[in-house]
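Let me begin by presenting the structure, written as structure tokens, before commenting on it.
The values are calculated or read from the model by the stated rules, or taken from the named source; none is laboratory data. Remember, predicted model here, so these are calculated numbers, not experimental data. A quick note on method: Cβ atoms are made from the backbone with ideal geometry, for glycine too, and the neighbour counts reach across all protein chains shown. Keep in mind that these areas ignore ligands, DNA and RNA; they rest on the heavy atoms of the full protein, side chains included. Shrake-Rupley method; radii C 1.70, N 1.55, O 1.52, S 1.80 Å.
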Amino acid sequence: HGAAEMDEMGTEALPRRTPAPAWLPTAKGEEGDFCLRSSDCAAGLCCARHFWSKICKPVLREGQVCTRHRRKGTHGLEIFQRCQCAEGLACRLQREHGPPDASRLHTCQRH
């Protein structure tokens, strides 16, 4: 078996997995590079909306402001998306030493 299959015209059939088009970068995208999905970005970055395109942005670290989505599907409505919190962190309501409910700000915090 090792031979390529031939179609009706006698030409070689395309392999199941085609290589990436030449215009796609082979290296992982750095911060600010355009992307289609997070796997296009280097480690520590995710692919998130920025205006009407998507770019590689840094994954959020402890103490950074994060976005908590109350309803599924609302993430797509933002024009300036943030990445998720880094592994081991959760997006939680910031604990303040003031009156309860004073701040609705969410930050990345340890579990």
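Only one of these conditions is not met by Q109: (1) at pLDDT 95 or above; (2) over 22 Å from the mean Cα position of the chain (by Cα). Which number is it?
(2)
Condition test on R61, is it at pLDDT 95 or above and closer than 17 Å to C91 by Cβ?
Answer is yes for this residue.
Looking at region 74-89, is at least one residue at pLDDT below 95, exposed (fewer than 12 other Cβ atoms within 10 Å of the Cβ), under 16 Å from the mean Cα position of the chain (by Cα) and hydroxyl-bearing (S, T, Y)?
yes
Enumerate the pairs (first residue in region 52-76 and outside the structural domain of A42 (by the TED database) and under 22 Å from D40 (Cβ atoms); second residue anywhere and modelled with pLDDT under 70 and surrounded by 12 or more Cβ atoms within 10 Å (Cβ to Cβ)) with beta-carbon separation below 9 Å, excluding pairs fewer than 6 apart on the same chain, so at least 6 apart or on different chains.
T67/H75
Please go through region 40-64 and give me each residue that is among the hydrophobic types (A, V, I, L, M, F, W, C), open to solvent by less than 50 Å² (accessible area, probe 1.4 Å) and either in a strand (DSSP E or B) or farther than 22 Å from H106 by Cβ (or both), ordered by number.
Passing the criteria: C41, A42, L45, C46, C47, A48, I55, C56, L60.
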